[in-house]
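The structure appears right after this line, and notes come after that.
Values in this text are rule-based calculations from the coordinates and carry no lab data. This is a predicted model, so every value here is computed, not measured. Note that we place each Cβ from the backbone using ideal geometry, even for glycine, and neighbour counts take in every protein chain shown.
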Amino acid sequence: MKDTVLMPGDAAGNYNEEWTKTFDLKFLILWICLFVILLVWTLLFDQSLFAEKGFFLRSAIKLSIMMFLSLFGGMLCRHYCNIDEKGYISSSKNKWFKVNYTRKIQHFAAYLVPLLSPPTNPLGILPHLWESLFVLFMFLILIKPLREFSTFFMLQFNSLDRIEDRPNTLRWIVLGNMLPGLLIITIFKQIFETFLQLPALASVVVFTVAIGDGLAEPVGTYLGKKKYVVPSWNLKHRYVRSYAGSACVYLCAILFLVLYKGQFANPQQFWYSLLLFPPIMTLSEAFAPHSMDTPIMMLIGFSLLFGICHFIV
């Protein structure tokens, strides 16, 4: 492993390579294949879903909200940062501002906005998969040929393009974060709904990861005196985290367990969760590779809560 420690704002690469030789083309092909598979699956097994106009309308509204938030984040980046001739962030005008912060806006939106569904939303795994595909579409429109053609898309890309992640920003977000994260959420929401009859408890994990891990970076930047390093998922660089940032995960885990206390089947489940869930989630965030902490935290968090609720009856 190349022993390079990258701090927030340290450049790790550029986007000069032809897009057809990068992850962007693979992502386009992958999304189209997933769309075709879902379309065929729905036509064969649940055509009634296509009659749920309200579901697709709400999904379009959610997608619009996520795009608006990322656009807002990109506008903040343009205000506080310099850009090059293609529209990419080149440097910050203010020492306190980093793209890492606006990236968290998309982090919140991609995981939390899909949770804003009414009780009348169609049940089952197919609606969850369609919603996940819509979330991935928000990142698909940010592939290189589209973002360099349109300022609208480039602004959204600016809001998530951490300089220290280049040229792997989109690849790491999709393969290391969103795709596995959304798949894990979809599977475990179905498991909690079908086997435990406790669907609301799935939100404890999603909120803990989205908000706790989302706050970890800005809090760690300003308050994190003591640091530690973790590897990236391709093991080529190491990245800095802080104990103060990890503490955000611990506190958020406690907060959301308390807020959802009434959703547990019995008090014992809650107390066992309060004892085990916060420290284990904190450790999973602390030791997970850079850009892969979200799916790892979700897998561990969902498995832990399911185990507690399944065996403590």
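Loop by DSSP (not H, G, I, E, B), at most 12 other beta-carbon atoms within 10 Å: where is the longest site-free stretch of the chain for GluC sites (Glu not before Pro)? Each step should come with its number before you reach the end.
On the way: sites that count: GLU17, GLU18, GLU85.
That would be 86-313.
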What pairs from LYS189/LYS261; LYS26/LYS86; LYS26/LYS53; LYS21/LYS62 go past 28 Å between their alpha carbons?
LYS26/LYS53; LYS21/LYS62
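Which value in deg cm²/dmol, rounded to the nearest 500, describes the helix-derived mean residue ellipticity at 222 nm for the chain, given -39,500 (n - 2.57) per DSSP H run of n ≥ 4 and division by the residue count? Walk me through the numbers on the way to the answer.
Numbers: 13 runs with 184 residues, N = 313.
-19000 deg cm²/dmol, from helical runs alone.
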Can you give the % of DSSP beta bridges in the chain that are antiparallel, to the nearest 5?
75 percent
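What's the longest uninterrupted piece of the chain once you rule out the chymotrypsin sites (Phe, Trp or Tyr not before Pro) that are loop residues per DSSP with at most 10 other Cβ within 10 Å?
Values: sites that count: TRP96, PHE149.
With chymotrypsin sites (Phe, Trp or Tyr not before Pro) excluded where exposed in loops, the chain gives 150-313 as its longest stretch.
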What ranking of THR208, THR294 emerges when the number of other C-beta atoms within 10 Å of each C-beta is taken as an exposure proxy, fewest first?
THR294, THR208
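Determine the sum of side-chain charges near LEU30: Lys and Arg each +1, Asp and Glu each -1, restricted to other residues whose C-beta is under 13 angstrom from that of LEU30. Intermediate values should be presented prior to the final figure.
Details: positive: LYS26, ARG171; negative: ASP24.
Summing Lys and Arg as +1 and Asp and Glu as -1 gives +1.
How much length would be gained if the chain were fully extended between SER90 and LYS261, taking 0.36 nm per residue of separation minus their Cα-Cα distance, in nm to one decimal?
Contour length minus Cα-Cα distance gives 56.9 nm.
For a footprinting-style exposure proxy, rank LEU63, LEU123 by other Cβ within 10 Å, fewest first.
LEU123, LEU63
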